[in-house]
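Working notes, beginning with the structure itself.
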Amino acid sequence: MAVVATLLAMVVCGSVMDTAVGAVYAVGESAGWTTIGNVDYKQWAATKTFKFGDTIVFTYNKQFHNVMQVTHADYRSCNVSAPIATHSTGKDSITIKTYGHHFYLCPVPGHCQAGQKVDINVERDASTLAPSPSPSSTPTSATVNKPNSVGKATSSLISLGLATAVFVGFL
């Protein structure tokens, strides 16, 4: 019985950890956050399915760029006078903790107008087991990996369901 309880605890802990970790996306892929090379950030974002808990990583030369999170109106007009947040490390990791659009741009004069801006849209997903959204996105450290194509919340539910069935079967 102790072995079954230990197994169940391990599966449950693994399931909770699995749902807490999202995919990590390198903005602009290998080009990074830049005006060189005509990176189409709108097209880049359109090919991704961002989810609650994902991390976006902006990699750039901090001598020439930085990152500002702005409102939709400021994003459209490239206005940098009232940022929501500013990031300037050269490798900024931002974990998405709210649903909806997250607008980022480079505030260096002329860069936003040249297309160095991105709209990260996080849509609600019926299979997502995320907590209620918090008021902001929080920078974190992350290692850039390719996103996992397997739905983490779904696989966690299956793991938890199987573990419960195994545990209940032994009672």
Query raised in the report: Here are some residues: THR55, THR128, THR59. Which one is among the β-branched types (Val, Ile, Thr), at pLDDT below 95 and either in contact with a Phe, Trp or Tyr (Cβ under 8 Å, 6 or more places away or on another chain) or more than 15 Å from VAL24 (Cβ to Cβ) (or both)?
Result: THR128
Query raised in the report: For the stretch 69-79, does any single residue satisfy the condition of being at pLDDT below 95 and more than 22 Å from ASP125 (Cα to Cα)?
Result: no
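The values are calculated or read from the model by the stated rules, or taken from the named source; none is laboratory data. These numbers come from a predicted model, not from an experiment. For neighbour counting, all protein chains shown are included, and Cβ atoms are generated from backbone atoms with ideal geometry for every residue, glycine included.
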